[in-house]
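Take a look at the structure set out below.
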Amino acid sequence: MRKIETKKEYIAITNRIEELLTLVDNNTPTNDKNFIELDLLSDLVADYEETIDPSLKSS
């Protein structure tokens, strides 16, 4: 799987996650394209926050 390499990528992806959160809710089917994108991007951000820049990790 691809990884976030730069802070600029991290910011762009977190901005996209914010957009997707307006489209996806608890009733969104797991096969919905927006749900899938949100899930994948969230995993990328979580990996970045845990391994590259732990100071970004939410408390």
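Here the stretch 3-45 exposes an accessible surface that is 53 percent carbon and sulfur, computed with a 1.4 Å probe and the other protein chains kept in place. 3J(HN,Hα) along the stretch 34-46: 5, 4, 4, 4, 4, 4, 5, 5, 5, 5, 4, 5, 4 Hz, from the Karplus curve 6.51 cos²θ - 1.76 cosθ + 1.60 with θ = phi - 60°, whole Hz, x for Gly and Pro.
Peptide packing for 41-49, 15-23 was compared via the average number of neighbouring C-beta atoms within 10 Å per residue; ordered from the highest value, the list is 41-49, 15-23. The distance between label points at THR51 and ASN34 comes to 3.0 nm (points 7 Å beyond Cα on the Cα→Cβ vector). Just to confirm the number: angle between the C-alpha axis of helix 7-21 and the first principal axis of the chain, 0 to 90 degrees, nearest 10? Between helix and principal axis, roughly 20 degrees.
The values are calculated or read from the model by the stated rules, or taken from the named source; none is laboratory data. Being a predicted model, the structure only gives us computed values, none of them experimental. When we count neighbours, we look across all protein chains shown, and the Cβ atoms used for this are built from the backbone with ideal geometry, even at glycine. Areas reflect the complete protein model, heavy atoms only, side chains present, ligands, DNA and RNA absent. Shrake-Rupley method; radii C 1.70, N 1.55, O 1.52, S 1.80 Å.
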